[in-house]
Amino acid sequence: DGGITQSPKYLFRKEGQNVTLSCEQNLNHDAMYWYRQDPGQGLRLIYYSQIVNDFQKGDIAEGYSVSREKKESFPLTVTSAQKNPTAFYLCASSIERGGLSEQYFGPGTRLTVT
Amino acid sequence: KNEVEQSPQNLTAQEGEFITINCSYSVGISALHWLQQHPGGGIVSLFMLSSGKKKHGRLIATINIQEKHSSLHITASHPRDSAVYICAVPLLDTGNQFYFGTGTSLTVIP
């Protein structure tokens, strides 16, 4: 079955440590995204990538980094510079159909930093 | 100011009730998406529509492009419909970025 996998589902880290969240897709989609979700707020875009070896900052990129070395993979690193890293992180990919973009989401990773 | 506004924020209904969730947006769009997020956190796409109405089972989505408004209806609601419903619109000319509403949390009581 095609889809997006994120691992792990729950992640705990101490403050000051970098942590990398995994996102893999086998949908053959070119575009991939990382979103952050906080209670009472809509999804906010961290980074997105339209194609391999290229990515752009979203609205809240500070304290995060990404890479896109393979089409299937778009890992997100939450660095120690991120002031409030505890959140739910969602990875997505998208495909254009008839000029419209349709997004597919992974199951998410809940990160807790103490 | 949010580009996408949803109402209500929270909704509790008795099983079998007809439910309506509203979404208003302030930007030009090519299409509007309705998403469902279950308590586990994963999100699935319910509808993508650019005009008129779409139906899938007990779910119906409508959009009025002139009024910049969309509604998601659930007929004969069931406890398994309990989830957060999110409205999303893509930014024009940006390649695939989206504005997301804050979601409507629906609880259907047996």
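The values are calculated or read from the model by the stated rules, or taken from the named source; none is laboratory data. These figures come from a predicted structure and were not determined experimentally. Every residue, glycine as well, gets a Cβ built from its backbone with ideal geometry; the counts of neighbours run over all protein chains shown.
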Looking only at segment B:65-79, and only at residues there that are over 11 Å from the mean Cα position of the chain (by Cα) and either closer than 23 Å to B:Gln97 by Cβ or at pLDDT 95 or above (or both), the one that is nearest to the other protein chains (Cβ to nearest Cβ): B:Ile65
statement: Scanning segment A:62-106 for residues that are without any contact (Cβ under 8 Å) to a residue 12 or more places away in the chain and charged (D, E, K, R), the one nearest to A:Thr20 (Cα to Cα) turns out to be A:Glu102
- request: Might you let me know whether segment A:21-39 holds any residue that is more than 19 Å from B:Ser45 (Cα to Cα), among the polar types (S, T, N, Q) and either away from chain B (no Cβ under 13 Å) or more than 10 Å from the chain's Cα centre (by Cα) (or both)?
  value: yes
- request: Exactly one condition in (1) more than 14 Å from the chain's Cα centre (by Cα); (2) in a strand (DSSP E or B) is not met by A:Tyr104; state its number.
  value: (1)
message: Tally up the residues in segment A:6-28 that are within 17 Å of A:Ile95 (Cα to Cα) and in contact (Cβ under 8 Å) with a residue 60 or more places away in the chain, please.
response: 3
Condition check for A:Ser65: at pLDDT below 90, in contact with a Ser or Thr (Cβ under 7 Å, 6 or more places away or on another chain), surrounded by 16 or more Cβ atoms within 10 Å (Cβ to Cβ) and not charged (D, E, K, R): no
query: Restricting attention to segment B:30-53, does a residue exist that is surrounded by fewer than 16 Cβ atoms within 10 Å (Cβ to Cβ), away from chain A (no Cβ under 11 Å), of a type in the set (Lys, Arg) and in contact with a strand residue (DSSP E or B) (Cβ under 9 Å, 6 or more places away or on another chain)?
result: yes
field: Residue list for segment B:86-110, restricted to those being over 14 Å from B:Ser24 (Cα atoms) and either in a strand (DSSP E or B) or among the hydroxyl-bearing types (Ser, Thr, Tyr) (or both)
entry: B:Thr94, B:Phe98, B:Ser105, B:Leu106, B:Thr107, B:Val108, B:Ile109
- request: Only residues that are part of a loop (DSSP other than H, G, I, E, B), small (Gly, Ala, Ser) and more than 18 Å from A:Gln103 (Cα to Cα): list them for segment A:45-71, please.
  value: A:Ala61, A:Gly63, A:Ser67
query: Within segment B:10-34, how many residues turn out to be at pLDDT 95 or above and of a type outside the set (Phe, Trp, Tyr)?
result: 14
message: Take A:Gln82 and tell me if it is more than 12 Å from chain B (Cβ to nearest Cβ), surrounded by 17 or more Cβ atoms within 10 Å (Cβ to Cβ), in a loop (DSSP other than H, G, I, E, B) and not acidic (Asp, Glu).
response: yes
